[in-house]
Amino acid sequence: MALKDIHRVFTDAVQSPVSVTGWSRPKPWVKNWNQKAKDAMLKVLQEADPVKSGILVAAVFLLSRSEPRRFVTPRAFDYQLVRQWRGQVGIAFGSYWNHKLARVSHVYHYLPRRSTEEIARYVSTAYEKFVRFIVEADRKQVESLVPLM
């Protein structure tokens, strides 16, 4: 139930007029990448299952906690979080016919850097309390399994 509420509030936040402009007088170059971020987020929020989406976000955070070497910088973590989150509905990937290989080839569809960072900021903020709860539960479970010496 909590993940559905998070999903609903997240959708409302993305659809608010402030999410596109961010300022009282929007600048054209800001609106472009901000609009791309908003469109991508709405597509995922409309098509993805709220529970699976929340579990996926928590799993990426748990992975970063258990294997920090996979994410060299915080920006690398943000990019992978957004990549996985967008990948739920297939908008993160495209395909084309490769004549040399005579088959369909799949490629990652990149967003502008600022769009990706904006999506990461929204996703991290939306699922912050849920992720904190999951990480704490994981930490307690690991501590209970490790015998004290």
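Bear in mind these aren't lab numbers, they're just calculated from the coordinates by the rules spelled out. Since the model is a prediction, treat every value here as computed from it, not as a measurement. In this analysis, Cβ positions are derived from the backbone assuming ideal geometry, glycine residues included, and neighbour counts consider all displayed protein chains.
Structure summary
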read-out	value
Cleavage-rule hits (chymotrypsin sites (Phe, Trp or Tyr not before Pro)) in the stretch 64-146: DSSP loop, at most 15 neighbouring Cβ within 10 angstrom	110
Dipole magnitude of the chain, debye to nearest 20 (Cβ charges: Lys/Arg +1, Asp/Glu -1, about Cα centre)	560
Prolate/oblate/rounded label for the stretch 78-149 (Cα gyration tensor, a/c 1.5)	oblate
Listed candidates (i) 131; (ii) 166; (iii) 438 - label of the one calculated as volume of the Cα convex hull per residue in Å³	(ii)
Helix axis angle, 74-87 relative to the chain longest principal axis, alpha carbon, degrees	70
Degrees separating the helix 113-126 axis from the principal Cα axis of the chain, which is the longest one	40
Extension reserve of the residue 106-residue 59 stretch, reckoned as 0.36 nm per residue once the Cα distance is removed	14.5 nm
0 to 90° range, to nearest 10: angle between helix 2-15 axis and the chain longest Cα axis	30
